[in-house]
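**Student:** Here it is, the structure, as structure tokens.
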Amino acid sequence: MKPVLKKTKTPKKLPVSCKITLFFAIIGIITGCITGNLLKENLYSPLITIYNETINNIPGLDIDKSDIFLLAIKRNVKLFILLYLFSLTNLWTYYYCAFSLYTGFTNGLLLAFNIILHGINGTIRFLCYLLPQALLFIPVYLMIIAHCDNFHNIFISCTSSTPYDNTYNYSTKQKKGKLAIQQFPFIILCLVFITAGSFIEANLNLPLVIWYMGHII
């Protein structure tokens, strides 16, 4: 009898678009931290009093979780729509790189701000602002960018090198129509994840921040 060869499962590699996204996000965080430290006198000094007063008052504030939930939904749906819209254009690569860089930069500024005010404990404060919703949002946005990158390549291939005849134009419209319809399951899935992440942000992150500030301050 011939020996049965077992097929070894090769681990799936992270898409190139996700690697680029993570690279620019890390560069953004580093740049944000450096910028925050360079401009701490001019940028942060006027904000320290406002920041401390706000943080000190958080445990006693009656914050409506539904408002936080709706704001999170609105913010993330807007980002999702913009990613999809730019994936239809030749600016797609530039946009998601800029999106990653900007997201990393703003978080880098926030991290630097907390470290300047609170030292090493500022890192814990920074994580409190992001957790646990970031554990869901980070993979979701990586998934969205990878999907949009693939969608962009297919969509552009439908519109490039087009012979000018009515038959081809009709065929191209059909392809675009099918491609658009094929996006609906993924869009629904992303909206479910965004809703779940927004719910976590309102119902878990907010109590975590309030609890942490109440015990640390």
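None of the figures in this text is laboratory data; all of them are computed from the coordinates on show. The structure displayed is predicted, hence computed values, not measured ones. Reconstructed Cβ throughout: ideal geometry from the backbone, glycine too, with neighbour counts over all protein chains shown.
**Student:** Sort 76-86, 102-112 by packing, meaning the average of other beta carbons within 10 Å per residue, with the highest value first.
**Tutor:** 102-112, 76-86
**Student:** May I pose another question? Using the Cβ atoms and a cut-off under 12 Å, what net charge is assigned to the surroundings of residue 113, where Lys and Arg are +1 and Asp and Glu are -1?
**Tutor:** +2
**Student:** Show me the ranking of peptides 27-33, 190-196, 175-181, 141-147 by mean Cβ neighbours inside 10 Å, starting with the highest. Don't jump to the answer; show the numbers that get you there.
**Tutor:** Details: 27-33: 18.7, 190-196: 16.6, 175-181: 11.9, 141-147: 20.3.
Final packing ranking: 141-147, 27-33, 190-196, 175-181.
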